[in-house]
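The values are calculated or read from the model by the stated rules, or taken from the named source; none is laboratory data. Fair warning: this is a prediction, and the values are worked out from it, not measured in the lab. Cβ: placed from backbone, ideal geometry, glycine included. Neighbour counts: every protein chain shown. All accessible areas refer to the heavy atoms of the entire protein, side chains included, with ligands and DNA or RNA removed. Shrake-Rupley method; radii C 1.70, N 1.55, O 1.52, S 1.80 Å.
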Amino acid sequence: MAMAAGLASDTTTTGGDGGALSEPGTAAGLNEAIDVIASFVSSFEPGRYSGDDAACLLACFTRGERLCGAGKTLAATRAAESNRHRLTGHSTPAQWLAEVTGESVGDAIGVLRLGEQLEDQPGIESAFRSGKLSKTRARAIAGAVRVNPHSEGELLRAAVGTDTLRQLKDRCLRAKAQGRSREDETTHNEALHRSRSCRTWTDMDGAFRLDARLTPDSGAKLAASLRAQSNRYFEAARLAGVHESPDAYAADALVALVTGEGVLEA
């Protein structure tokens, strides 16, 4: 009810010249701010700006994207808490959110999970609200802090500092491992095993796509075999004077290992 009440109470105040001014913190004020952005973007001609100015605009748009992402996460979480999805006939909050945003159900689940985690993580929520964290970084450290609450300060400093996303994810993995007891680690690995999956689909270009979720030990075995076979494809291509990307050789190696056709022996 708090959200509904807040929207219903949107009011305006009168400026000194008699004009109506939207109060801060209202849906009307937010819409006015978005209208300003919409007006700018609709007439935005990148070619008229220097490289330096374009870089400045990029920083502005990135900040705006992060702030909107934070607001979206908080609003979506509140809507889910109030069972908004039931009013529209959706079986889950994630399905409702996916339809509203036009994104996948998986993305919607990620948004709602982050919102739930932030309720108990005020430091991360504050950085997220202020635009210091992207949704990806906030999600990474929120998940780690949930397992290891004592790591919040270190991870937050790394997330807003100089860590690359890969470095931050590695740091989060270490924090999770440190936060689990031996019994917890066993339980966690069992949960990962139960959630293992391999999904295939065709993308918009007609390409075959694959996504797998494996336990760390299974993933390590797969990666080792893939790396070895990929290296053999690279060596064979180099001898033939062919130069392609490492990802291309990895794709060839994957097909060979799965189908048994074209496997190169050491």
Spin-label zone in the range 84-102 - amide nitrogen under 20 Å from a point set 7 Å from the Cα of Cys68 along the C-beta vector: 97-102
Over all directions, average the projected area of the Cα convex hull of the range 174-265 and note it in nm². 8.6 nm²
What number comes out for accessible area per residue over the chain if the probe is 1.4 Å? Units Å², please. 67 Å²
Okay, which of the range 47-89 sit inside 13 Å, backbone N to the point 7 Å along the Cα-Cβ direction of Glu103? 65-77
Quickly work out the Glu261-to-Ser42 label distance, labels modelled 7 Å from Cα along the C-beta direction, and quote it in nm with one decimal. 5.4 nm
Excluding Asp247 itself, calculate the net charge of residues whose Cβ lies under 14 Å from the Cβ of Asp247, where each Lys or Arg counts +1 and each Asp or Glu counts -1. 0
Solvent-accessible area of Glu152, probe 1.4 Å, all protein chains present, reported in Å² to the nearest ten, please. 40 Å²
Surrounding net charge for Gly131, when Lys and Arg each add one and Asp and Glu each subtract one, Cβ distance under 10 Å: +3
Label point distance in nm, Asn189-Ala28, each placed 7 Å from Cα along Cα→Cβ: 6.1 nm
What nm distance separates the two modelled labels at Ser225 and Asp247, each placed 7 Å from Cα along Cα→Cβ? 2.4 nm
What does the helix-only formula give at 222 nm for the chain: each DSSP H stretch with n ≥ 4 adding -39500 (n - 2.57), the total divided by the residues, and the result rounded to the nearest 500 deg cm²/dmol? -21500 deg cm²/dmol
Helices from the chain with mean Kyte-Doolittle at least 0.0 and a Cα length along the axis of 30 Å or more, per DSSP H: which? 51-81
Roll a 1.4 angstrom probe over the protein heavy atoms and tell me the percent of accessible area of the chain that is carbon or sulfur. 55 percent
Net charge near Arg209: determine it from the other residues with C-beta under 14 Å of the C-beta of Arg209, scoring Lys and Arg +1 and Asp and Glu -1. -3
[x] 1.01; [y] 1.05; [z] 0.96, with the label sought being that of the calculated Rg/Rh (Cα atoms, Kirkwood Rh): [y]
Cut-off under 23 Å on the C-alpha distance; same-chain residues fewer than 8 positions from Lys221 excluded. Which lysines are left, in chain and number order? Lys169, Lys176
Is the range 210-255 rounded, prolate or oblate when judged by the Cα gyration tensor, a ≥ b ≥ c being the square roots of its eigenvalues, rounded requiring a/c under 1.5 and prolate requiring a/b larger than b/c? prolate
